[in-house]
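All remarks here apply to the structure that follows.
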Amino acid sequence: MATKLAVRNDKESHHSANEIHGSEAVSKTLTQGVTDLLDLRMQVKQAHWNIAGSSFFGVHKLLDKLAEELDATIDTTAERQRSLGFITHGTARHVAKNSSLKQLAAETQAIPEVVNHLVDLYLTVGEATKEGIRLADEEEDPGTSDMLVDCLRMLDQHRYLLQSYLMQSE
Ligand SMILES: [Fe+2]
């Protein structure tokens, strides 16, 4: 017990939460990932509120479920960034300035048009996530790579759920 306390009080052994444990390149990818996932989450919610059409209730409910799952993934990704010792950026201002995603006019309400747009966003974020996996593997960061694989699986599932609605309305 005494030894443990002595170690804890030793300044040499004090580690800060900002101590770097990952590569700058991986951190940059995670910053963009959190930014785009936050934008995607907000656009999913925007669609949840504004869509209108005969399949309204099903799509409205589905979009809420997708937003909830995106929230959990955003949290995991942002905290991974912290685990690597980097600062995470999740403010609306940062997202508005740095997102790489397109957006629809707020007046767009037709379900096929809105869902098609969301499918495009999922494809864009999915491609960037695949790039991130390749980079994390190159940088020998299996923790980040594995987390991004989970993220990619979620993005693929969301895309397929949305595409299934498009088939229904064709
Ligand atoms: Fe709601």
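Given the conditions (1) farther than 18 Å from Gly143 by Cα; (2) modelled with pLDDT of 80 or more; (3) open to solvent by 70 Å² or more (accessible area, probe 1.4 Å), and given that Lys4 satisfies all but one, which numbered condition is not satisfied? Going through (1) farther than 18 Å from Gly143 by Cα; (2) modelled with pLDDT of 80 or more; (3) open to solvent by 70 Å² or more (accessible area, probe 1.4 Å) one by one, Lys4 breaks only (2). Which one is farthest from the ligand (Cβ to nearest atom) among residues in the stretch 17-73 that are of a type in the set (Val, Ile, Thr) and assigned to a helix (DSSP H, G or I)? So the residue we want is Val26.
Any residue in the stretch 160-168 that is polar (S, T, N, Q), touching a helix residue (DSSP H, G or I) at 6+ places or on another chain (Cβ under 7 Å), open to solvent by 30 Å² or more (accessible area, probe 1.4 Å) and free of Cβ contacts under 8 Å to residues at least 60 places away in the same chain? Yes - at least one qualifying residue is present in the stretch 160-168.
Sort out which residues of the stretch 129-159 are free of Cβ contacts under 8 Å to residues at least 40 places away in the same chain, within 30 Å of Phe57 (Cα to Cα) and of a type in the set (A, V, I, L, M), and write them in order of number. Passing the criteria: Leu152, Leu155. If the condition is being open to solvent by less than 50 Å² (accessible area, probe 1.4 Å), in a loop (DSSP other than H, G, I, E, B) and touching a Ser or Thr at 6+ places or on another chain (Cβ under 7 Å), then the stretch 74-125 contributes Leu84, Phe86, Ser99, Leu101.
If you filter the stretch 126-147 down to residues that are touching a Gly at 6+ places or on another chain (Cβ under 9 Å) and outside any helix (DSSP H, G or I), you find that the one that is most open to solvent (accessible area, probe 1.4 Å) is Glu139.
In the stretch 118-128, what count of residues is obtained for those that are of a type in the set (Val, Ile, Thr) and more than 21 Å from Phe57 (Cα to Cα)? Full working, then the answer.
Looking only at the stretch 118-128, we keep the residues that are of a type in the set (Val, Ile, Thr), and these are 119, 124-125.
With more than 21 Å from Phe57 (Cα to Cα) added as a condition, the list becomes 124-125.
Total satisfying the criteria: 2.
Pairing residues of the stretch 47-64 that are of a type in the set (D, E, K, R) with residues that are within 12 Å of the ligand (Cβ to nearest atom) and open to solvent by less than 20 Å² (accessible area, probe 1.4 Å), at Cβ distances under 7 Å and at least 6 apart in sequence or on separate chains, gives Asp64/His48.
The values are calculated or read from the model by the stated rules, or taken from the named source; none is laboratory data. What you are looking at is a predicted structure, and each value in this text was computed from that prediction instead of being measured. All Cβ positions, even for glycine, are placed from backbone atoms using ideal geometry, and neighbour counts span all protein chains on display. The protein model used for the area step is the full one, side chains on, heavy atoms only, and it has no ligands, DNA or RNA in it. Shrake-Rupley method; radii C 1.70, N 1.55, O 1.52, S 1.80 Å.
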